[in-house]
1. Would you say Thr171 is touching a Gly at 6+ places or on another chain (Cβ under 9 Å) and in the same structural domain as Met116 (by TED's automatic domain parsing)?
2. Consider region 45-59. How many of its residues are in a strand (DSSP E or B) and without any contact (Cβ under 8 Å) to a residue 24 or more places away in the chain?
3. Among Arg17, Arg95, which is within 20 Å of Val185 (Cα to Cα), part of a helix (DSSP H, G or I) and either among the aromatic types (Phe, Trp, Tyr) or without any contact (Cβ under 8 Å) to a residue 12 or more places away in the chain (or both)?
4. Residue under question is Arg143, and the condition is that it be at pLDDT 95 or above and of a type outside the set (S, T, N, Q); does it hold?
5. Quick one: count up the residues across region 179-196 that are buried (at least 22 other Cβ atoms within 10 Å of the Cβ), part of a strand (DSSP E or B) and of a type outside the set (Val, Ile, Thr).
6. When the residues of region 132-162 are narrowed to those that are in contact (Cβ under 8 Å) with a residue 12 or more places away in the chain and on the phi > 0 side of the Ramachandran plot, which ends up surrounded by the fewest Cβ atoms within 10 Å (Cβ to Cβ)?
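The values are calculated or read from the model by the stated rules, or taken from the named source; none is laboratory data. Everything numeric in this text was worked out from a predicted model, so none of it was measured. Virtual Cβ from ideal backbone geometry, glycine too; neighbours counted across all protein chains shown.
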Amino acid sequence: MTSIVVPAHNEERVLGRTLSALLADAAPGEFDVVVVANGCTDATAAIARGFAGVRVVETEVASKSNALRLGDDAAAGFPRVYLDADVVLPTAQLRVLCAALTGGVLAAGPRRRLPMDGVGWPVRWYYDVWERLPHVAGELYGRGVIALSEQGHERLGAWEDVMADDLAVATAFGPAERAIVAGAVVEIRPPRTYADLLRRRVRAMSGNARLVAGDRPATARAQPRTGWRDLRRIVAADPRLAPKVALFLGTAVLSRLRARRADGTWLRDESSRA
């Protein structure tokens, strides 16, 4: 049985959509779904309980890392899938993702689909560049879902108190041990406004910096970074992208400056949950 852990903090607006897609074509007993409602002040737990076969764990502690640990304690099977509460991964896509955990592959992620309807042009420009970066295409982070085999789960160990949980997983496995599965696609709603994009980028940069500063075993492999050479190649391949690359670079600089002043508060993008 595949176990799916869904950490959810005040996700009443999107959790029903996520669980509906995940379980739409599931056979009885095929999936063991554990929703960990952490620090919720809304109807997240009640919505989760409305789905047959979904177990709910509640905690007053608003922490994704703690929710992942509680979900792991409650989960029963393998592969073990960690799914954000605001992404859409249909049943068939989940099966394809889990089937890829074979032949030495310990961790797998799906391809991303970023629907851009209702999204402002600066956000569209940013992602036009971001999706062309080599490490964005080939790394596990930033996908909202990661599947681990039992051996991969043992490698990862217990979840630590980190903001960049997906980067912690991505850096725990070498190239031959991880896979991006072409036949599995997850839908991730991008932020609608540039201000919300900045919040998301500041949170990511703050979490990544703390993960590296902690000198954890998961960061033994070099952290993937965007370099000037990557951006030059994008412009060389299509000079029309030069203005978009300039916006991308400006966003990175501004986000880094703001991340230095961040106080650890979780900066969540609410626009993508509208």
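1. no
2. Looking only at that region, the number is 5.
3. Arg95
4. Taking the combined requirement at face value, the residue does not satisfy it.
5. Here the count works out to 2.
6. Checked region 132-162; the qualifying residue surrounded by the fewest Cβ atoms within 10 Å (Cβ to Cβ) is Gly142.
Let's see how each residue does on (1) surrounded by 16 or more Cβ atoms within 10 Å (Cβ to Cβ); (2) modelled with pLDDT under 95:
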site: Val5; (1), (2): yes, no
site: Thr18; (1), (2): yes, no
site: Ala24; (1), (2): no, no
site: Asp32; (1), (2): yes, no
site: Cys40; (1), (2): yes, no
site: Phe51; (1), (2): yes, no
site: Ser63; (1), (2): yes, yes
site: Leu68; (1), (2): yes, yes
site: Gly77; (1), (2): no, yes
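Table: residues versus (1) outside the structural domain of Ala170 (by TED's automatic domain parsing); (2) more than 12 Å from the chain's Cα centre (by Cα); (3) part of a strand (DSSP E or B).
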position: Arg69; (1), (2), (3): yes, yes, no
position: Phe78; (1), (2), (3): yes, yes, no
position: Tyr82; (1), (2), (3): yes, no, yes
position: Gly103; (1), (2), (3): no, yes, no
position: Gly109; (1), (2), (3): no, no, yes
position: Met116; (1), (2), (3): no, yes, no
position: Tyr127; (1), (2), (3): no, yes, no
position: Leu140; (1), (2), (3): no, no, no
position: Arg143; (1), (2), (3): no, no, no
